[in-house]
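All remarks here apply to the structure that follows.
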Amino acid sequence: MNKYRWQAIVFVLVAFMLGCNEFMVVGVLSDIAKELNVSVAMVGYLVTIFATVYAVSTPFVTILTNRFSRYKTLMTLMVIFLVGNTMTGLANNFAVLLISRILTAMVAGAIISLIMTFASSIAPREKRAGLVSWIFAGFSIASVFGVPIGTAISTSYSWHDAFYLVSIISVVTCVLLGWLLPKHVEQVQGSIKNQLVLLRDKRIYVGIVLVLFTAATMYAYYTYIRPILTIGLGFSTVSLNWLLFLIGIMSILCNRLSGTLAERDGLKVMPRFYVADIVLLLLLPWGMNNKVIGLGILLILTLIVTILNSPIQIHFLNIAERDYPQSTVLASSLNSIFFNFGISLGSATASAMLGVVGLRYISWSAAIYAAVSLVLAIVLNRVIAKHRAQTSSH
């Protein structure tokens, strides 16, 4: 197997490792709450805190480490991640658990940004979109296989062991990265101010807000996917793992479809997907009257709700490479930063809506976020077209 193929596999493994660490908490919430003697809601806050710390710290870490070797920076961050994750496994009270989650969240975003930067410098141009979509798929694979396996380990043994397994994966990943990554890659260094110039470009900041509202669209209903399946649609708790597995498979397919769109100037067709999101989210309350229809709506939503991922990632990277080479790592982190802000917004909205309209109509707030995303997608396409027209006339 050629070196590039091995590198690609390790990049996906990094995403899988980060995904397991981030999502596994959701599967073991009740086990942690029971053992540490705190409420499930209290442990639930760990998800929001993780997403917020991830989003806030990633730009700082990427900007401040830009003057150091990318290889050394990545390896250092991987070691910090390993320490944080192992600490989660060792946690015997809520305070230690909270500190360990904050520590891993602080470096997780910068790790994936550097992986994306390495991927775009290593991959041949025609394979970039495909590789980026596979890295995103690593997170989906974590939610499909990692989370149920973590939950099963937690149920059979202990939630601590689930995190120890992630630590073992981290050690293997560290060794492979040390072996396969180029030690020196060409990088343009820039002051903090120079790197932030990127954010003043309209093609970038409209894209950022679009990412945020896309994530909010998903998490405004997905945060309560378990109660929607069991209480809303009436599926048994026994069939829950199979249903989540099915949703996860759709999520992996979404990433592959997203990669295919990225190769074909996918941002142009985005508005159509947002229209479909709006229609499905408005229909979901009526879909809950029938198990098959309700599940069908949820599966189609999973297939298209985050289809923006690869096209927008390639969009950010291409603009940075062409116009802001000093900001490539920052550009590669924008998607994950603002997706996490969107998760925080969406999950907070879902919790608020649950108290106001109940579980049945929770998807209506998601439909509002999808409508905002639709407008932003149309605006972004106009901004890109206008920029192309201006550059071709010069």
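Sort out which residues of region 355-368 are in a helix (DSSP H, G or I), open to solvent by 10 Å² or more (accessible area, probe 1.4 Å) and within 16 Å of Leu233 (Cβ to Cβ), and write them in order of number. Leu359, Arg360, Tyr361 - these are the residues of region 355-368 that are in a helix (DSSP H, G or I), open to solvent by 10 Å² or more (accessible area, probe 1.4 Å) and within 16 Å of Leu233 (Cβ to Cβ).
For the subset of region 93-123 comprising residues that are free of Cβ contacts under 8 Å to residues at least 40 places away in the same chain and surrounded by fewer than 18 Cβ atoms within 10 Å (Cβ to Cβ), which member is nearest to Asn21 (Cα to Cα)? Out of the qualifying residues, it is Ile99.
So that you can scan it fast, the table gives a plain yes or no per residue for (1) modelled with pLDDT under 85; (2) of a type outside the set (Asp, Glu); (3) touching a helix residue (DSSP H, G or I) at 6+ places or on another chain (Cβ under 8 Å):
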{"position": "Met1", "(1), (2), (3)": "yes, yes, no"}
{"position": "Ala8", "(1), (2), (3)": "no, yes, yes"}
{"position": "Val12", "(1), (2), (3)": "no, yes, yes"}
{"position": "Leu18", "(1), (2), (3)": "no, yes, yes"}
{"position": "Glu22", "(1), (2), (3)": "no, no, yes"}
{"position": "Leu36", "(1), (2), (3)": "no, yes, yes"}
{"position": "Ala41", "(1), (2), (3)": "yes, yes, no"}
{"position": "Gly44", "(1), (2), (3)": "yes, yes, yes"}
{"position": "Ser57", "(1), (2), (3)": "no, yes, yes"}
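The test for being on the phi < 0 side of the Ramachandran plot, surrounded by fewer than 21 Cβ atoms within 10 Å (Cβ to Cβ) and not aromatic (Phe, Trp, Tyr) does not hold for Ala142. Considering each residue of region 67-80 in turn, none proves to be over 24 Å from Ala331 (Cα atoms) and hydroxyl-bearing (Ser, Thr, Tyr).
Collect the residues in region 1-44 that are among the aromatic types (Phe, Trp, Tyr) and surrounded by 15 or more Cβ atoms within 10 Å (Cβ to Cβ), keeping them in residue-number order.
Narrowing region 1-44 to residues among the aromatic types (Phe, Trp, Tyr): 4, 6, 11, 16, 23.
Residues satisfying the conditions are Phe11, Phe16, Phe23.
Only residues that are of a type in the set (S, T, N, Q), over 17 Å from the mean Cα position of the chain (by Cα) and within 23 Å of Thr260 (Cβ to Cβ) were counted across region 307-333, and they come to 1. In the set (1) crowded, with 23+ Cβ neighbours inside 10 Å; (2) in a loop (DSSP other than H, G, I, E, B), the condition left unmet by Gly234 is number (1).
Close Cβ contacts (under 8 Å, 6 or more residues apart or on different chains) running from residues in region 1-21 that are closer than 12 Å to Thr173 by Cα to residues that are crowded, with 20+ Cβ neighbours inside 10 Å and of a type in the set (S, T, N, Q) comprise Val10/Thr173; Leu13/Thr173; Val14/Thr173; Met17/Ser170; Met17/Thr173. No other residue among Thr65, Thr58, Thr48, Thr52 is in contact (Cβ under 8 Å) with a residue 40 or more places away in the chain and open to solvent by less than 30 Å² (accessible area, probe 1.4 Å) apart from Thr58. Going through region 252-268 one residue at a time, which ones are in a helix (DSSP H, G or I), touching a helix residue (DSSP H, G or I) at 6+ places or on another chain (Cβ under 7 Å) and either more than 24 Å from Gly146 (Cβ to Cβ) or open to solvent by less than 20 Å² (accessible area, probe 1.4 Å) (or both)? Scanning region 252-268 gives Cys254, Asn255, Ser258, Gly259, Leu261, Ala262, Gly266, Leu267, Lys268.
Within region 204-231, the set of residues being of a type in the set (Ser, Thr, Tyr) and either in a loop (DSSP other than H, G, I, E, B) or under 14 Å from the mean Cα position of the chain (by Cα) (or both) comprises Thr214, Thr217, Tyr219, Tyr222, Thr223, Tyr224.
State all residues of region 68-87 that are part of a helix (DSSP H, G or I) and without any contact (Cβ under 8 Å) to a residue 24 or more places away in the chain; if no residue qualifies, say none.
Passing the criteria: Lys72, Thr76, Val83, Gly84, Met87.
To keep it simple, each residue is scored yes or no on (1) without any contact (Cβ under 8 Å) to a residue 24 or more places away in the chain; (2) within 30 Å of Ser113 (Cα to Cα); (3) open to solvent by 30 Å² or more (accessible area, probe 1.4 Å); (4) of a type in the set (D, E, K, R).
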{"position": "Asp277", "(1), (2), (3), (4)": "no, yes, no, yes"}
{"position": "Val292", "(1), (2), (3), (4)": "yes, no, yes, no"}
{"position": "Leu303", "(1), (2), (3), (4)": "no, yes, yes, no"}
{"position": "Thr306", "(1), (2), (3), (4)": "no, yes, no, no"}
{"position": "Val329", "(1), (2), (3), (4)": "no, yes, no, no"}
{"position": "Ile337", "(1), (2), (3), (4)": "no, yes, no, no"}
{"position": "Leu345", "(1), (2), (3), (4)": "no, yes, yes, no"}
{"position": "Ala370", "(1), (2), (3), (4)": "no, yes, no, no"}
{"position": "Ser392", "(1), (2), (3), (4)": "yes, no, yes, no"}
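When Leu198 is tested against the conditions (1) open to solvent by less than 20 Å² (accessible area, probe 1.4 Å); (2) within 30 Å of Lys72 (Cβ to Cβ); (3) modelled with pLDDT of 90 or more, the lone failure is (3).
The values are calculated or read from the model by the stated rules, or taken from the named source; none is laboratory data. From a predicted model like this one, the values you see are computed outputs, not experimental measurements. Glycine gets a Cβ as well: all are built from the backbone with ideal geometry, and neighbour counts include every protein chain shown. Only protein heavy atoms, including side chains, enter the accessible area calculation; ligands, DNA and RNA are left aside. Shrake-Rupley method; radii C 1.70, N 1.55, O 1.52, S 1.80 Å.
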